[in-house]
Amino acid sequence: MSEIAVVGAGLMGHGIALVLALGGHAVRLTDSRPETLARVPELMASALDTLREAGAVAAEWTPERLGRAVRLTPDLGETVAGAELVIEAITENPEAKRALFGELDRLCGPETRIASNTSYLDVFPLIPEARQARALVMHWYTPPYIVDLVDVVPGPRTDPAVIEEARRLVLGLGQVPIVLARFIPGYVANRIQSAISAEVYHLLDEGIASAREIDDAIVHGLALRIPILGHLAKADFTGIELLRHALANASYSPPAARTQSASIDALVAEGRTGVMAGRGFFDWGGRDPAELFRDRDRRLLALKQAMRQVGRMEGR
């Protein structure tokens, strides 16, 4: 896209603008608070320095070049004029968003795509009816210039072609789009994180383990495997039948937890019981299970060594 406007220059907005600029797009960035907009050059320069030090961006990306790629404009009308895509990244306040969408409806051309970076709000009822076909959610995670995940979510009347455009845009940034079938608060990653948080606070409140012990369990148990396998590929290696029995017999699950999964039952009925069967949640391409286990183990060992080298941020 030739011109992308970002409205809201706070924690997420300036980071999204940085990602877009590094991806080769011309960006205009605005904020209703002059003091927030004034901090943007320093914040983006600092983030750019970190990326350059890590070799994540070319050395040619200087603060001066970035300043040419991201234009800061205090006026909303000037920011969005002629933009093909406007990304809303303001406060999670429904009335503030409703007011902004009304302004965007007045200021933007009829073909302009309007995307919201909202984390939990269903913004589609707040967007004028005439904009619904070109309205969507594009939700980044902080810091957006390091975390590659982007949720791409349609509204009830969003044109599928608009979603495909957004998906291709995210891919062009070198990031990972997750296209949801419909809006659900928190999307995928945040909902999983919320479920983890609920159990963590339960363990703390019951005095089962200390904060350090809980984080040790996450870092040395969950976190080691998740980057390599995710959750469902890990289930394929564990075995779907075993997981079904564990789900039915679990005595430690929270009261609201499921004891049965229609998805797991369907896989077992089809004989898709995981890596040993060649298929589970995923098709493992007819590869020998022993080869798959060796491949997994090599990757886990490489990650374990890298984690030890990088080190861990720990409090006292």
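Counting only Cβ charges, +1 for Lys and Arg and -1 for Asp and Glu, the dipole size of the chain around its Cα centre is about 560 debye. The simple spin-label model puts a point 7 Å past each Cα toward its Cβ; for Met276 and Ile146 those points are separated by 4.0 nm.
What fraction of the DSSP beta bridges in the chain is antiparallel, stated in percent and rounded to the nearest 5?
Approximately 25 percent, going by the DSSP bridge assignments.
Inter-label distance, Gln309 to Gln260: 4.9 nm, where each label sits 7 Å from its Cα along the C-beta direction.
Explain nothing, just the number: relative contact order of the chain, from Cα pairs under 8 Å at least 6 residues apart, as a whole percent. Working shown, then result.
Numbers: 429 pairs, mean separation 36.7, N = 316.
Rounded, it is 12 percent for the chain.
Amide H to amide H, with H built 1.01 Å from N, Val6 comes under 5 Å of Arg28, Leu29, Thr30, Ile87, counting only residues 5 or more places away or on other chains.
Between Ala217 and Glu92, what FRET efficiency comes out of the Förster formula 1/(1 + (r/R0)^6) with R0 = 30 Å and r the beta carbon distance, rounded to 0.05? All intermediate terms of the calculation are to be shown ahead of the outcome.
On the way: r = 31 Å, r/R0 = 1.03.
FRET efficiency, Glu92 to Ala217: 0.45.
Computed from backbone phi, the HN-Hα couplings of segment 126-140 come to 8, 9, x, 4, 5, 9, 4, 5, 10, 10, 7, 9, 10, 10, 8 Hz, rounded to whole numbers (Karplus: 6.51 cos²θ - 1.76 cosθ + 1.60, θ = phi - 60°; Gly and Pro given as x). Between Leu11 and Ala290, the FRET efficiency estimated from the beta carbon spacing at R0 = 51 angstrom works out to 0.60. Applied to segment 298-315, the Karplus parametrisation 6.51 cos²θ - 1.76 cosθ + 1.60 on θ = phi - 60° returns per-residue 3J(HN,Hα) values of 4, 5, 5, 5, 5, 5, 4, 5, 5, 5, 5, 5, 5, x, 10, 7, 10, x Hz, with x for Gly and Pro.
Summing -39500 (n - 2.57) over the DSSP H runs of n ≥ 4 in the chain and dividing by its residue number, what mean residue ellipticity at 222 nm do you reach, to the nearest 500 deg cm²/dmol?
Working: 13 runs with 149 residues, N = 316.
Result for the chain: -14500 deg cm²/dmol, rounded to the nearest 500.
For Ser116, the residues whose modelled amide H falls within less than 5 Å of its own, excluding neighbours fewer than 5 places apart on the same chain, are Glu88, Leu136, Val137, Met138. Phi angles across segment 155-172 convert, under the Karplus curve 6.51 cos²θ - 1.76 cosθ + 1.60 with θ = phi - 60°, into 3J(HN,Hα) values of x, x, 10, 5, 5, x, 5, 5, 5, 5, 4, 5, 4, 5, 4, 5, 4, x Hz, Gly and Pro given as x.
Candidates (1) 39; (2) 16; (3) 46; which is the computed percent of Cα pairs over 33 Å apart? Read-out from the structure maps to (1). Taking the chain as a Gaussian network of alpha-carbon nodes connected by springs under 10 Å, the highest mean-square fluctuation of the residues Asn249, Asn93, Asn190 belongs to Asn249.
Excluding Glu291 itself, what net charge comes from residues whose Cβ is under 12 Å from its Cβ, given Lys and Arg +1 and Asp and Glu -1?
Values: positive: Arg287, Arg294, Arg296, Arg298; negative: Asp288, Asp295, Asp297.
Charge balance in the 12 Å sphere: +1.
Listed peptides 203-214, 98-109, 133-144 appear in the order 133-144, 98-109, 203-214 once ranked by packing, highest mean of other Cβ atoms within 10 Å at the front.
Computed from the Cβ-Cβ distance with R0 of 41 Å, the FRET efficiency linking Ala81 to Ala181 stands at 0.75.
Bear in mind these aren't lab numbers, they're just calculated from the coordinates by the rules spelled out. What you see is a predicted model; the values in this text were computed from it and never measured. Ideal geometry is used to build each Cβ from the backbone, glycine not excepted, and the neighbour counts take in all protein chains shown.
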